[in-house]
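Asks: Got a structure here, written out as structure tokens. Questions coming.
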Amino acid sequence: MNKNRKVIISCAVTGAIHTPSMSPHLPVTADEIAGAAVAAAQAGAAIVHLHARDPQDGRPTQDPARFAPILSQIRAASDAVINITTGGSPHMTVEERMRPAMTFKPELASLNMGSMNFGLFPMLERFKSFDHDWERQHLEKSRDLIFKNTLRMVDPGRGPGSVPARDDGGDAGLACAGRPGGLALDRPGSARRVRRAAGHPHAKRSGRAKPAGCDAR
């Protein structure tokens, strides 16, 4: 590795996916989240990506009042770049997600690009008991976050992401390949790899993939 190459490290210390019962080390209170962020900065992180949680039960919250003590502690102890989430939780409205960033106007704010199929329910197979009622509901309700209709893939990155959606009732297809900015069909097997990820019946065909119309499947 080139020692002269500069790398920017961003650290998300609590996020919104995991629940408190999954680990006793998950930061929940303002002091815990701020402390973890400062420690990450001291360890080399240039950016701290921040979510907040309800200190009573650890559920994700976008209440600006929960972010205020976190931000003040970090700024008092570190010069790390503050990045406030606008992702919040997949169960929140856009307006809810935007509140802390609009209130505090940090150096950075995250923005989730593209469709986000947050299927967290497989964690229910790993974790059987929870300390708070909301945790199981949080994971179970994520089944509704998987789009269960025809999945249009115009980008190779969408192929692997379609697999859990397909297994949960979706109909995956290769759509509009060959468009500028989307999946290129000028490489042998490029579309075939996406078809395989999507469980396409013709996934095992060999040779150069060819477009078959905007809704080829």
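Asks: Using amide H atoms built 1.01 Å from N in the peptide plane, name the residues 5+ places from A12, or on other chains, whose amide H lies under 5 Å from its own.
Replies: Amide H to amide H, under 5 Å and 5 or more residues apart or across chains, A12 pairs with H49.
Asks: Please list, in chain and number order, the residues 5+ apart from T61 or on another chain whose amide H is under 5 Å from its amide H, with Hs placed from the backbone.
Replies: Those qualifying (amide H under 5 Å, at least 5 residues apart or on another chain) are A52, R53, D54.
Asks: Just to confirm a number: summing +1 for Lys and Arg and -1 for Asp and Glu over residues other than A40 whose beta-carbon lies under 14 angstrom from that of A40, what do you get?
Replies: With Lys, Arg at +1 and Asp, Glu at -1, the neighbours total -2.
Asks: Note down the nm distance, to one decimal, between modelled labels 7 Å out along Cα→Cβ at L124 and at H91.
Replies: So the label points at L124 and H91 sit 1.2 nm apart.
Asks: Another question, if that's okay. Let me check I've understood the local charge: for R126, count other residues with C-beta under 15 angstrom from its C-beta, Lys and Arg +1, Asp and Glu -1. What total comes out?
Replies: -1
Asks: Here's something else I'd like to know. Before anything else, pin down the relative contact order of region 10-116: Cα pairs under 8 Å, at least 6 apart, normalised by residue count, whole percent.
Replies: Over region 10-116, the number comes to 26 percent.
Asks: Oh, and also: Which of the three applies to region 10-116, rounded, prolate or oblate, going by the alpha-carbon gyration tensor with a ≥ b ≥ c and a/c under 1.5 meaning rounded?
Replies: It comes out rounded by the Cα gyration axes.
Asks: Work out how much length D79 to N2 would gain on full extension: take 0.36 nm times their residue separation and subtract the Cα-Cα distance, in nm to one decimal.
Replies: So the extension gain works out to 25.1 nm.
Since every read-out is calculated from the coordinates, none of them should be taken as a lab result. Please read these numbers as outputs of a predicted model, since none were measured by experiment. All Cβ positions, glycine included, derive from the backbone under ideal geometry; neighbour counts span all protein chains shown.
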